[in-house]
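Here's the structure, in structure tokens; my notes come after.
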Amino acid sequence: PLVVEAGGPPELFPTPSSAAAPVRLRHPKHDWLARLDLKWYPVPAVSSFEASVGGIRFAAAPFNGWYAVTEVVRDLCDEQRYDCLPAVAAGLGLDRNIDALWRDAAQLVVTEAVVASFAAARVALVDHHALARGFHDWYKAEMTSRGYCPGNWKWLVPPQASSLSPAYEGLRKMTEYTLRPALLPGEGWRVHERRAFGTGAGRAGLLFGAAARAVFVAARLKRRAATPRLRVLVIYATVAGATRRAAARLVEILAGARVDAAPRDADTLDADAFDVEAARADAVVLMVATYGTGAAPEGARPLLRHIGSGKARLAGLGHAVCGFGSSDFPRFCGGAAEAEAALARGGALLERRLCPTARVDARGDARADFDGFVGSLAAGLVDAFGGRARGLGAVDRTSRVTPMTFAALEALRDGPGRRDPRLELLAGLQIATRPAPRASWWLCGGGGGGGGG
């Protein structure tokens, strides 16, 4: 399907069949093959990959190219796919009980049919011999000029006539790793469809005629142009992956409520990329694991230093913090405390605080802790952004928090180079010297603690 989005929620429409007429397979010597009605679409378009650039993953990164003959042949012939070889063997008069090489003979006929049919339809196609030789020549040039060229042998050596190519031996010592920027596998379109439209929803648009769809889209775009979707930047700092998974779950919840959100890894999000993302966002959520004796993960510290430097683009941003750790450790959720301190030093406005800072305890009921944070965040977004966050209004607001004293907040604002004793409140908040004002910051629990996600 095609997705159209401009100033409002996305709309889903079918791809017109006339836009990609299939190539029907014919064989120059075997007329009977046409009766099998084998066909394949002409252009391999891929829309489920994401572009990873500077630590940011862009979901809308579709691309297309042209087929290698072996791709089409495998789709038609593999047993776990369309498995057309028994029918082709029958057309050739091969006895599958006697002819040990019947699959080889049938596959060669299909290969010849694909090459001839794509050529007759004037659709680009490359044969596996030319492709393998061309890549091997390029690989040798890369090794000469750069000294490295990563790749996966099984994806580069053709599945047919493999040993007839110089790549069969020439590439067998390749090392596989990923260079960035890169196109990386992402989530399939059905996942995005469920998030944007709900289960079974969105498909009503597939029933409209072309003219009706155009009117429908224009009306909805005009109606929603004045209320752009809420954008939330979710940044996670993880150690073992639990915080990353929680961030993905939060993004899924937000997307289900028609809020634009995507997870960003603090380990790869540099200062410039943060500023670009923050300039487009209405709010930022920092989800921070705890490492070692009670600190934020090492890879997140450059970003936290930038946020606390006063140079980051924090003005007007709504913000919230969620820490992950284990109460088995004396400094519990210290990573969240570091994130709080960075936001305070960087000039994040008190009145843009969305909800109390939460702590997710791996030793206790982590699910309840996280759900409480999500509920508080949802309520905060509704309070701060009104109708733009109306889809979040049904989320329960529950969270176990401790009010942070105004004195501790002022201590945080003393600056990155100041060692004020009141900062120790972040290491083990046990008392409140006086009730905090309505616009105060909140801190869940006390100090740091390893065992984070």
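When the residues of the stretch 252-261 are narrowed to those that are in contact with a strand residue (DSSP E or B) (Cβ under 7 Å, 6 or more places away or on another chain) and touching a residue at least 60 places away in the same chain (Cβ under 8 Å), which ends up farthest from G8 (Cα to Cα)?
For the stretch 252-261, the residue satisfying everything is L254.
Pairs under 8 Å by beta carbon, first residue farther than 15 Å from T111 by Cα and aromatic (F, W, Y) in the stretch 128-140, partner modelled with pLDDT under 90 and open to solvent by 90 Å² or more (accessible area, probe 1.4 Å), six or more apart or different chains?
So the pair list comes out empty.
Would you confirm whether any residue within the stretch 27-35 is open to solvent by 30 Å² or more (accessible area, probe 1.4 Å), touching a residue at least 12 places away in the same chain (Cβ under 8 Å) and under 36 Å from the mean Cα position of the chain (by Cα)?
Taking every residue of the stretch 27-35 in turn, none turns out to be open to solvent by 30 Å² or more (accessible area, probe 1.4 Å), touching a residue at least 12 places away in the same chain (Cβ under 8 Å) and under 36 Å from the mean Cα position of the chain (by Cα).
For the stretch 180-197, state whether one or more residues are at pLDDT below 75 and touching a strand residue (DSSP E or B) at 6+ places or on another chain (Cβ under 7 Å).
Yes, the conditions are met somewhere in the stretch 180-197.
Is it the case that the stretch 34-44 has a residue that's farther than 21 Å from G186 by Cα and hydroxyl-bearing (S, T, Y)? Walk me through how you get there before you give the answer.
Within the stretch 34-44, the subset farther than 21 Å from G186 by Cα is 34-42.
Narrowing further to those that are hydroxyl-bearing (S, T, Y): 41.
Within the stretch 34-44, one or more residues are farther than 21 Å from G186 by Cα and hydroxyl-bearing (S, T, Y).
Could you tell me how many of the residues in the stretch 326-349 are open to solvent by 40 Å² or more (accessible area, probe 1.4 Å) and assigned to a helix (DSSP H, G or I)?
First, the residues of the stretch 326-349 that are open to solvent by 40 Å² or more (accessible area, probe 1.4 Å): 327-331, 338, 345, 349.
Cutting the leftovers down to assigned to a helix (DSSP H, G or I) gives us 338, 345.
Total meeting the criteria: 2.
So which residues in the stretch 230-251 are out of contact with any strand residue (DSSP E or B) (no Cβ under 7 Å at 6 or more places or on another chain) and of a type in the set (S, T, N, Q)?
Across the stretch 230-251, the qualifying residue is only T238.
Within the stretch 300-314, how many residues are open to solvent by less than 60 Å² (accessible area, probe 1.4 Å) and part of a helix (DSSP H, G or I)?
Counting residues in the stretch 300-314 that are open to solvent by less than 60 Å² (accessible area, probe 1.4 Å) and part of a helix (DSSP H, G or I) gives 6.
Of everything in the stretch 315-325 that's at pLDDT 85 or above and open to solvent by less than 10 Å² (accessible area, probe 1.4 Å), which residue is farthest from L230 (Cα to Cα)?
Residues of the stretch 315-325 at pLDDT 85 or above: 318-325.
Those still in the list that are open to solvent by less than 10 Å² (accessible area, probe 1.4 Å) too: 318-323, 325.
Working: G318: 11, H319: 13, A320: 15, V321: 18, C322: 20, G323: 23, G325: 29 Å.
Only one residue tops the list, namely G325.
Which numbered condition in (1) of a type in the set (V, I, T); (2) loosely packed, with under 13 Cβ neighbours inside 10 Å; (3) within 24 Å of N64 (Cα to Cα) is the only one that T175 fails?
For T175, the failing item is (3).
Kindly indicate whether any position in the stretch 105-126 is under 21 Å from A161 (Cα atoms), part of a helix (DSSP H, G or I), open to solvent by 90 Å² or more (accessible area, probe 1.4 Å) and of a type in the set (A, V, I, L, M).
There is at least one residue in the stretch 105-126 that is under 21 Å from A161 (Cα atoms), part of a helix (DSSP H, G or I), open to solvent by 90 Å² or more (accessible area, probe 1.4 Å) and of a type in the set (A, V, I, L, M).
Right, L233: within 17 Å of A51 (Cα to Cα) and among the aliphatic types (A, V, I, L, M) or not? So that I can check it myself, show each step before the final result.
Values: within 17 Å of A51 (Cα to Cα): no; among the aliphatic types (A, V, I, L, M): yes.
Judged against the criteria, L233 is not a match.
Those residues that are open to solvent by less than 10 Å² (accessible area, probe 1.4 Å) and under 15 Å from R57 (Cβ atoms), I need them from the stretch 274-299; list them, please.
F274
Quick one: count up the residues across the stretch 22-63 that are over 30 Å from R180 (Cα atoms) and at pLDDT below 85.
If we filter the stretch 22-63 for residues that are over 30 Å from R180 (Cα atoms), which is where we start, we get 22-41.
Of the ones still in play, those that are also at pLDDT below 85 are none.
Qualifying residue count, the stretch 22-63: 0.
If we keep just the residues of the stretch 133-161 that are surrounded by 14 or more Cβ atoms within 10 Å (Cβ to Cβ) and small (G, A, S), which is farthest from V69 (Cα to Cα)?
Per the criteria, the residue is G151.
The values are calculated or read from the model by the stated rules, or taken from the named source; none is laboratory data. Just so it is clear, the model here is predicted, and its values are computed rather than measured. Please note: Cβ atoms are built from the backbone with ideal geometry, for glycine as well, and neighbour counts cover all protein chains shown. These accessible areas exclude ligands, DNA and RNA; they are computed on the full protein's heavy atoms, side chains included. Shrake-Rupley method; radii C 1.70, N 1.55, O 1.52, S 1.80 Å.
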